[in-house]
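This report refers to the structure that appears directly beneath it.
The values are calculated or read from the model by the stated rules, or taken from the named source; none is laboratory data. Every value quoted in this text rests on a predicted model; they were computed, and no experiment measured them. Backbone-built Cβ (ideal geometry, glycine too); neighbour counts: all protein chains shown. These accessible areas exclude ligands, DNA and RNA; they are computed on the full protein's heavy atoms, side chains included. Shrake-Rupley method; radii C 1.70, N 1.55, O 1.52, S 1.80 Å.
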Amino acid sequence: MDILLIGGLWLNGTVWGPVAYELEALGHRPVPLTLPGQGDGAESATLDDQVAAVLAAVDAAPGRVMVAGHSAACALAWLAADRRPERVAKVALIGGCPTSHGQPYADFFEVRDGGMPFPGWDPFEGPDTADLDDTARRELAAAAIPVPEGVAKGVVRLTDDRRFDVPVVVVCPEFTPAQAREWIAAGDVPELARAKRVDFVDIDSGHWPMVTEPVALARILAEAAADTD
């Protein structure tokens, strides 16, 4: 199966290299995406541009696909299910949850000169970064690409209730499946509360498992892809 891999904020498609290698060995076709404005030089890209890039990858696949989104890009993976419910066999959410309709995509940090730069490691101290060594921190920070303002402040628009028919697997890195279930039950993740099938898988990592646990993450994704109709 084709597995689309969408990195979170500041990341381009190269972050998925070790995961993609393992997925190929497991018999799948990984498609790491470099989103408009996050590695292709399109500094004025918008959220609509990124959604269009994800949908183009879905449409280019020979069959149904699994779309895996990391962190903020969980919203992009869910938007793919919203726009192409008949083409998306499953959505994998890695370290994040779908953004609700009408909410900004990722207006989390200060925007300067038209972009939202990586804010440094201070906001992520704790479980997010506990497994990142100094080398990994340096490399991630050095490669971080400011997110265009039109992406960060873009508004998520969900239009097709058939998205709730698409199975979801929540991959839980810096939080546990029990915590994720509690958030959904409390009404904090209304999109997943309405989804008809949501599975949870734990992974012993911080927020960037594609960096620290790529083999384990690839195996989780491969198993999820195998468990599709």
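Against the definition (buried (at least 17 other Cβ atoms within 10 Å of the Cβ), small (G, A, S) and under 12 Å from the mean Cα position of the chain (by Cα)), how does G7 come out, yes or no? It is true that G7 is buried (at least 17 other Cβ atoms within 10 Å of the Cβ), small (G, A, S) and under 12 Å from the mean Cα position of the chain (by Cα). Scanning region 161-198 for residues that are surrounded by 15 or more Cβ atoms within 10 Å (Cβ to Cβ) and either of a type outside the set (A, V, I, L, M, F, W, C) or in contact with a Ser or Thr (Cβ under 6 Å, 6 or more places away or on another chain) (or both) returns R163, P167, P173, E174, R181, E191. Among the residues of region 127-160 satisfying the criterion of being under 24 Å from L217 (Cα atoms) and of a type in the set (G, A, S), which is surrounded by the most Cβ atoms within 10 Å (Cβ to Cβ)? In this case the residue turns out to be A144.
The condition of being open to solvent by 40 Å² or more (accessible area, probe 1.4 Å) and either closer than 18 Å to L11 by Cα or out of contact with any strand residue (DSSP E or B) (no Cβ under 9 Å at 6 or more places or on another chain) (or both) holds for only one of P123, P117, P85, P104, that being P123. Taken over region 218-229, residues that are charged (D, E, K, R) and either buried (at least 20 other Cβ atoms within 10 Å of the Cβ) or over 18 Å from G95 (Cβ atoms) (or both) amount to 2. Residue-level analysis places V215 outside the set of residues that are surrounded by fewer than 18 Cβ atoms within 10 Å (Cβ to Cβ), over 16 Å from the mean Cα position of the chain (by Cα), within 19 Å of T99 (Cβ to Cβ) and touching a residue at least 24 places away in the same chain (Cβ under 8 Å). Looking at this structure, is V201 buried (at least 21 other Cβ atoms within 10 Å of the Cβ) and assigned to a strand (DSSP E or B)? No: the conditions fail for V201. All conditions in (1) within 16 Å of the chain's Cα centre (by Cα); (2) under 18 Å from M1 (Cβ atoms) hold for E223, with the sole exception of (1).
Of all residues in region 10-56, those being open to solvent by 20 Å² or more (accessible area, probe 1.4 Å), in contact with a Gly (Cβ under 9 Å, 6 or more places away or on another chain), free of Cβ contacts under 8 Å to residues at least 60 places away in the same chain and not in a strand (DSSP E or B) number 1. With respect to (1) closer than 18 Å to V19 by Cβ; (2) small (G, A, S); (3) more than 8 Å from the chain's Cα centre (by Cα), the lone exception for G69 is condition (3).
Just to be sure, is V65 farther than 18 Å from P209 by Cβ, of a type in the set (A, V, I, L, M), open to solvent by less than 20 Å² (accessible area, probe 1.4 Å) and out of contact with any Asp or Glu (no Cβ under 7 Å at 6 or more places or on another chain)? No: the conditions fail for V65. What are the residue pairs meeting all of these: first residue in region 180-198, first residue of a type in the set (F, W, Y), second residue open to solvent by less than 60 Å² (accessible area, probe 1.4 Å), Cβ atoms under 9 Å, and 6 or more apart or on different chains? Pairs that qualify, where the first residue is of a type in the set (F, W, Y) and the partner is open to solvent by less than 60 Å² (accessible area, probe 1.4 Å), are W183/C97; W183/F175; W183/V189; W183/L192.
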